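The values are calculated or read from the model by the stated rules, or taken from the named source; none is laboratory data. Note that this is a predicted model, so its numbers are computed, not measured. Cβ placement follows ideal geometry from the backbone for every residue including glycine, while neighbour counts extend to all protein chains displayed.
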Amino acid sequence: MIDSNKLKEIADNYSTPSYIFDIDALRNRVAKIRETVGDNIGLCYAMKANPFLTKVMSEIVDKLEVCSPGELDICKEERIDGSKIVYSGVNKTRESIIDAIKSGVGTYTAESVLHVKLLQEAVMETCNDGQEGTGCLYDKEQKFPVILRLSAGSQFGMSKDDIGYILDHIDEYPKLDFVGIHYFVGTQRKKLKDQIAELEMLHLFIEDLRARYSLPLKKLEYGPGLPVPYFVGEDFEDTLSPIKKLLAELQKATKWCDLTIEMGRFWVSTCGLYLSKVMDIKTCNGTNYCIIDGGINHVTYYGQVMGMKIPVIRHLDGGLSPTHGTIKGNADYALCGSLCTTADVLVRKVPFSDLKIGDILAFENMGAYSVTEGIYLFLSRMMPQVIMYENGRIKIVRKFVDTAQFNH
């Protein structure tokens, strides 16, 4: 991870608030995961976790999960091979599917009976039975690969009965090749016994479908939702331990399916940092307040409720002289952002030593979600810049964005 001296240099030269993504650290983490699971388990990146990392992830994993037309546009802009894309999402339209077909997307998920109908219609419309001059990407006999998403009890995917209904009516979808099952429950799932039970359930379900419909259904795209540590007091000694503990069950699954594990947070959270400057310090009614130039519109750690958890934060000396309100030595602070709402509390109580205006706070483990998940338009505050750091070089991939233009 980038050392503190380099972070201070970046803050001085490129200003704050800024996200920084350490590409060297990311490549190293993915390589370690690849080494851990071996070559017989496919790796898929859910790009919603951080679309800025899509290009580099496309180079080091096998598949990208894309969940919207906008995400597909990013892939096209980055010239990513469409065959690597799994086009997912609960809201598919005929138009979005046609766009994906023309982009050469390799695999679709179907999350409902309607999706299967739309997929069949879109393929027929785009390919026009393979006639020349229609822009068809497939020959007349080729089918379109689809994985059926099984619901885990949420709005995502469909019931076992609906999957059975689709396969009962398979003759209605002559251009679709149902190649497997997609399953994902959620994220930050620490009880690995749940994943073990799911894999056994999926095994039985897929074997039943194979027997009933004489289909190979070889592929299983499985999102284990493995957890990562974020907060002070959690175990950071080996952040790969969840996948190591689940490895035996994953390897067992490769005996009955072509397994791909789909993850987002677990890949990229550790590669990100967020730099914000201390703008004010004051004491009111016995509480010390530190105001930064960022806020909850930029920092959205998973599971952080009203600032009660303490993320890992590096305190970098800004080099300025102490001003009125500065507290010498150790003190606890309520760490607050720049938004005019009492909700803008990043941490209710966090200790710092000799904190002063102009210092830089570097929030670690910011590689996933915060860069797109924040309430960026609130109060028309400036959107942070995004910086890539690789091989000692800095690259700004998004400059500061004035959000006032979107609010009137």
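Which of the residues that make up region 73-111 are in a strand (DSSP E or B) and either of a type in the set (D, E, K, R) or over 20 Å from the mean Cα position of the chain (by Cα) (or both)?
Matches in region 73-111: Ala110 only.
Need pairs with beta-carbon distance below 9 Å; first residue touching a residue at least 12 places away in the same chain (Cβ under 8 Å) and within region 149-162, second among the charged types (D, E, K, R) and in a strand (DSSP E or B); sequence gap 6+ or separate chains.
Hits for this filter: Arg149/Glu221; Phe156/Arg149; Gly157/Arg149; Met158/Arg149.
Residues of region 187-232 being without any contact (Cβ under 8 Å) to a residue 12 or more places away in the chain and under 30 Å from Gln304 (Cβ atoms), which ones?
Lys191, Lys193, Asp194, Ala197 - these are the residues of region 187-232 that are without any contact (Cβ under 8 Å) to a residue 12 or more places away in the chain and under 30 Å from Gln304 (Cβ atoms).
Just need a number here: residues in region 184-198 that are on the phi > 0 side of the Ramachandran plot and modelled with pLDDT of 95 or more.
So the count comes out to 0.
Restricting region 361-408 to residues that are free of Cβ contacts under 8 Å to residues at least 12 places away in the same chain and either in the same structural domain as Ile313 (by TED's automatic domain parsing) or part of a helix (DSSP H, G or I) (or both), which is farthest from the chain's Cα centre (by Cα)?
Residue satisfying both the conditions and the ranking: Gln405.
Checking the condition touching a His at 6+ places or on another chain (Cβ under 9 Å) and not aliphatic (A, V, I, L, M), which residue from Trp256, Trp267 passes?
Trp256
Considering only region 125-183, how many residues are among the charged types (D, E, K, R) and at pLDDT 90 or above?
Total meeting the criteria: 9.
Quick check on region 367-408: of everything there that is of a type in the set (Ser, Thr, Tyr) and buried (at least 19 other Cβ atoms within 10 Å of the Cβ), which residue is farthest from Ile296 (Cα to Cα)?
Tyr389
Can you confirm whether region 290-309 contains a residue that is in a helix (DSSP H, G or I) and in contact with a strand residue (DSSP E or B) (Cβ under 9 Å, 6 or more places away or on another chain)?
The answer is no; no qualifying residue exists.
Give region 49-79 a look and list any residue that's without any contact (Cβ under 8 Å) to a residue 24 or more places away in the chain and either closer than 16 Å to Leu26 by Cβ or in contact with a strand residue (DSSP E or B) (Cβ under 9 Å, 6 or more places away or on another chain) (or both), or say none.
Hits for region 49-79 are Glu59, Leu64, Cys67.
Can you confirm whether region 349-358 contains a residue that is of a type in the set (Lys, Arg) and surrounded by 20 or more Cβ atoms within 10 Å (Cβ to Cβ)?
yes
Being modelled with pLDDT under 95 and among the β-branched types (Val, Ile, Thr), is that true of even one residue in region 286-297?
Within region 286-297 (the criterion being modelled with pLDDT under 95 and among the β-branched types (Val, Ile, Thr)), the answer is yes, since at least one residue qualifies.
For region 330-361, give me each residue that is under 14 Å from His298 (Cα atoms) and among the β-branched types (Val, Ile, Thr).
Val345, Val347
When the residues of region 273-315 are narrowed to those that are exposed (fewer than 15 other Cβ atoms within 10 Å of the Cβ) and among the small types (Gly, Ala, Ser), which ends up nearest to Asp24 (Cα to Cα)?
Gly303
Would you confirm whether or not region 273-287 contains a residue that is outside the structural domain of Val66 (by TED's automatic domain parsing), closer than 13 Å to Val345 by Cβ and not in a loop (DSSP other than H, G, I, E, B)?
yes
For region 310-355, give me each residue that is among the charged types (D, E, K, R) and over 34 Å from the mean Cα position of the chain (by Cα).
Lys328, Asp354
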